[in-house]
Structure formats: C-alpha cells, structure tokens
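Shown next, in structure tokens, is the structure this report addresses.
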Amino acid sequence: MEEGAFDVVIIGTGLTESIAAAALSKAGYKVAHLDENPYYGGREASLSLDELVEWVDTKASANDPHYSSVQRSQSTLSQSRQYSICLCPAVIPSIGPTISSLVSSGVSKYGGFRLLERVGVYHPTGVVKNVPGTKEDVFKSKDMSLIDKRRLMRFLMFSIGDFENKKELEGNHHLPFADFLKTVFTLNDEVVTALIYSLAYCFSPSDPTGPALDRIRRYLRSAGRYGPSPFLVGHYGGTGDIAQGFCRAAAVSGAVYILGRNLTSIRYNNPQDLISVQHQPGRYSITLQDFPDTLTCNVIISSFTDIPLELRGDINYLAPSTSENLHSSSTVVRCIAIIDRPIYFPPTEVIRGSINESEPFDETTRAPPPAPQIIDAGVLVFPPSTIRGGSTTMAATLLITGEGTMSTPKGKWILYLALPLATILPVSGPMSAQEILQPYLNAALALTLPPDGPAPHVLDTESPPQLTPPQPLFTTFYIHHVDLGNRPHTPSHSHTTLEQSKPGTFIIPSPLSPTCPLPDISDNAATHAETVFWEVTKLLNINEPPNAENDARMNTEIGGFWPTLDTANDSGDEEW
C-alpha cells in the first residue's frame, strides 16, 4: 500500500470518531485521522482558557449554525494554560460502554479520573437537598418519614432489578415518569423530584418511564465499582482528554494524524464501480489545504456537512439505536464560569452503628453533624420552577469541577451550566443565552456564602460585603443547537436508495445530542463508535456474504471491538 493510501479516512476528532479510530487501528486497518482544528476533540474538546477565548470569539463572529448568542466577559486570568475547559462536559458511569472501552483498549492509563463526590437538588428556598441513592442514604435522611423511606426502598429495589416483566411496569412504559412514581409507588413530591432529576437525570416530569428506569438501573448498578458514587469525572477537562487518549492509542497502532488543515476536495476515483471495496484501493481521493500529498481511501467517516453534493448518493447513515435515550429538545443553553470561591453542599448525615432495614430508626444514634462540604466534583440539578426567572418546564444541570479534577489551578472552580429548551430558538431569539442562564448562575454563586452564615435564600445586594456572593472571574454564554445537518432528511441522502448490493462507503455516525443526560454523553459516543467499527469491517470485507457464520469468523479474526491487550508490546506510545 502506498504511503498516502489508507483503508479509512476519519474526518473530525470528536469522541465517537476518536474511539472508532483507535479500534480500527488496533484491528490492523490503516487509518488517517483529520481535523481542521489544531487540537483534538472537535465539539467535545478540552481547551485551555486562552483557547476557549479564541473559540468563543470565532463562534461569535462566524456564521456557524450550531451556535448562536455567543458572548463572553472581557476579563483575562493568569495561569490560563492551567485550565482544561470542556466544550461538552460529562460524567462517566462506572459500568458501561465508555469504561469498557477505556479499560479494554488500554486508554485508561493515559488519563486520570476521580469519583463524583455529590449530587444535589436545588430547593426553591435557596438550599441544596441531598439525593439518596443507596439504602444507607435513605436511612440516614432526616427529611423523610419512616413510611416514605420504606416506599423509596421498595422503588430502589424494583429499579435495580430486572423490571421489564414486572407488573408495576405493565402498560406504564410511556407514562410520564412523575406520574408513574406517584401512582405506582406512592412517593411524595419531594422524593419524586429528587428521583426524576438527580437519579434518572430527566429534564422534564413528562419524560417517559421506560428510559428513565433504564438510566436509574445503570447508575445504581455502577455504584460500588470504584467507590460509593456511580460516576467518575475525567481529569483535564474530561471528555476532550478522553478523546485525545483514544487518538494517542490510534497513533501508537499506526494511525496517521493531520490537524489544522481544511479539506479542499473529496472525489471518487472509480465512480463507475460502487460494489467492490476490498480490492479497490483508493476509492476516494482527498486533498487538504497547504498539504502536499493526496490521500486515498476506501471508506470515509465524517459528518454530513463534509460530504460533497455529488457523493451524497453514497451515504451510509448510522442511526442511533432504539434503546438510546434521546430527548425531544433540540437546543441547549450553556454557560461556563470560573470562580474563586467554593460551592458548599450540606453535610451527609452520620449514624453510629450499622443500619438494619428491619429495625426501627433510632434518632439517638445520630452522630453530631459534620461541617458543610466543599464540592470539588459534583452535580447540582435545578428542577423546573425552582429559580425565579428560570424555566418552568425543563431542569437545568450544574457540573462543578475543581483542582482535584486537574482542570483548574488551586483555589479555582469551573461551573458548567446547561439548560435544554423545549423549542428551537431562532438564531436571534428574544432572550440571549446570558439572560436565560443568569438566574441559575446567581443561585449557584449564592451557594458560595460562608457555611456558618445565614442560609443563602436569595441574592441580597444590600447584605454586608462578607455575605455577598462573588462575581465570576470569567464567563461565557452560548446556545448550542442540535446537529440536524448530520441527519439525512430524505431517502435520496441514504444508501438505502441504492441497490442493496451497493454499500454506502461514506459513513455518517449518529451525532452526539447536546441535550442527552450528563452520564449518557460518553456512553452514547462509545456505542456509536462500535457501530461505526463493525460497519467499516463489513465494508472492507464486502466480498464475504453477510451471514452469522462469516460475522462470527470476522469477529474472531479481528479480535472483537477491542482485541486482547498485548502488554509486551505496549511501550510504543513513548514516541507519540
């Protein structure tokens, strides 16, 4: 094979593309991985503060359909390169496709992780309520009666098990989750709110029961693998650093990386033959700006927006699985803020001795309450109608990361606010991103007040200076629109309109939805990447008839999505 000839060219280094690149390279395919940006991660990148400022200024001045209402503060900070700020913040369930890919590929050794410390629910009075996620949490809570604790325990036992054929779920799969919890398990409003928004990560009380239960089960089963929390937070910005780790693994296995070069053309070399792929090297030719060599390949993986019009009949769009949790909202409003005061969560209750569900709860065994906890890695959920001036239909989430996540200098914290919107906003909407999210940011800043002072019920500008929440050191606000351009809208844009013997070799992975729950972002990317991987292997072995025997043989020859790690030859990454 010539130096510029590849089996696969992947355009974009987002998390899905990066995982797919590593898997294909490890399986022995020759991969070229391109990105017009000078950094890894695409729309899931982790950037330094200087890079983020440049990104914001570029989006504010460009006509990018994915972003609108982009603005930032004018302040600049020292130690800007010590920040790792993620464009697509997420938390990772301790059991799931992402963790499996990180461990099986060996990429986990390239990065670091820490447990998510706490998840809280914002109460309209301006305080944070702890979320019970385990049996111990339930019985420690002093906010529930014994009857409510029993009912909640019954639900948790139901949701962690195999509930698909249980009578409680019969006919209720599409019922709004809030109604299901109230009618089937007789839970009170406060417990329902905690379960919906901080355990199931729903955005609305009308979200259907089936997907919500699926999420709760995955999260509950993740608890205990690495510690009490079901979730991990990646170091150095999380998602972007993970994408870079998979790119590193791909490079170690022979993938070629070309960053900071724009595509100038993609064309067919043999447009008359749409059937044979395996023995037709150089099906496509790709040229890049200011790059002397022409790349050739048999398969391209790219977003829909990169496909020339004349090649759109060769699209192979990989739709998301029916089990994937996608929300109907198509737009999310985001804020990234940097602060120099910590956010406090209330302490968890400490009870002396063991907890036995069959024994009565004894208040005398309660230990003296500990001090409020400074949050270094946590999630705070704002249910609908809990913030004056906020959304009455959708929940907002706040991800907090500090020094322990290796994403900030000492004494600094990054706040990631996100609020899905129920309708598509026009590019020039009636409210700016800052106007939409400022009430939530004010509420979060109020939680930095000294824990021994009065409860931060409201932001009171007439309070003494020591009781006034700080102003952020840096903020940016913007609206992120779902990537509708990645979804072919008509059959003419899909390979299904071609003869069945003519496969589409221009693969369009399902895009990551910006409105999916925080714990689902990376898992969806890993699932999409595996779908891409198997589609590419089939295309590059097209002369094999599609049947179970050949699929099993191909799986054995390739070694699965992630072949067994060869630790003896695992030192090549020193040169990358």
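Annotations
- The one condition in (1) over 30 Å from Ile147 (Cβ atoms); (2) part of a loop (DSSP other than H, G, I, E, B); (3) at pLDDT 55 or above that Asn325 fails to fulfil: (3)
- Look at segment 392-404: where a residue is over 17 Å from Ile92 (Cβ atoms) and a partner is in a helix (DSSP H, G or I) and among the small types (Gly, Ala, Ser), sitting 6+ places away or on another chain with Cβ atoms under 6 Å, you get Leu398/Ala444.
- Ser25 being among the polar types (S, T, N, Q) and out of contact with any strand residue (DSSP E or B) (no Cβ under 7 Å at 6 or more places or on another chain): no
- Residues in segment 44-66 include at least one that is touching a residue at least 40 places away in the same chain (Cβ under 8 Å), farther than 26 Å from Ile266 by Cα, open to solvent by less than 10 Å² (accessible area, probe 1.4 Å) and not in a helix (DSSP H, G or I).
- Subset of segment 7-35 [out of contact with any Phe, Trp or Tyr (no Cβ under 8 Å at 6 or more places or on another chain), hydrophobic (A, V, I, L, M, F, W, C) and open to solvent by 10 Å² or more (accessible area, probe 1.4 Å)]: Ile11
- Of the numbered criteria (1) under 23 Å from Leu87 (Cβ atoms); (2) among the hydrophobic types (A, V, I, L, M, F, W, C); (3) modelled with pLDDT of 95 or more, the one Ala443 fails is (1).
- Verdict on Ser145 being modelled with pLDDT under 95 and hydroxyl-bearing (Ser, Thr, Tyr): yes
- Qualifying residue in segment 201-210 (condition: in a helix (DSSP H, G or I), touching a Phe, Trp or Tyr at 6+ places or on another chain (Cβ under 8 Å), buried (at least 22 other Cβ atoms within 10 Å of the Cβ) and not hydroxyl-bearing (Ser, Thr, Tyr)): no
- The set of residues from segment 285-303 being open to solvent by 20 Å² or more (accessible area, probe 1.4 Å) and in contact with a Leu (Cβ under 9 Å, 6 or more places away or on another chain) comprises Thr287, Gln289, Thr294.
- Here the condition is being crowded, with 22+ Cβ neighbours inside 10 Å, on the phi < 0 side of the Ramachandran plot and of a type outside the set (Ser, Thr, Tyr); of Gly120, Gly112, it holds for Gly120 alone.
- Output for segment 212-244, where each listed residue is more than 22 Å from Cys88 (Cα to Cα), open to solvent by 10 Å² or more (accessible area, probe 1.4 Å), in a helix (DSSP H, G or I) and touching a Phe, Trp or Tyr at 6+ places or on another chain (Cβ under 9 Å): Arg217
- Residues in segment 254-280 that are modelled with pLDDT under 95, crowded, with 17+ Cβ neighbours inside 10 Å and not in a strand (DSSP E or B): 2 in all.
- Extreme residue, most open to solvent (accessible area, probe 1.4 Å), among residues of segment 140-189 that are under 26 Å from Thr393 (Cβ atoms) and of a type in the set (S, T, N, Q): Thr183
The values are calculated or read from the model by the stated rules, or taken from the named source; none is laboratory data. Worth saying up front: this structure is predicted, and the values here are computed from it rather than measured. So basically every Cβ, Gly included, is an ideal-geometry build from the backbone, and we count neighbours across all protein chains shown. For accessibility, only protein heavy atoms count, side chains too; no ligands or nucleic acids. Shrake-Rupley method; radii C 1.70, N 1.55, O 1.52, S 1.80 Å.
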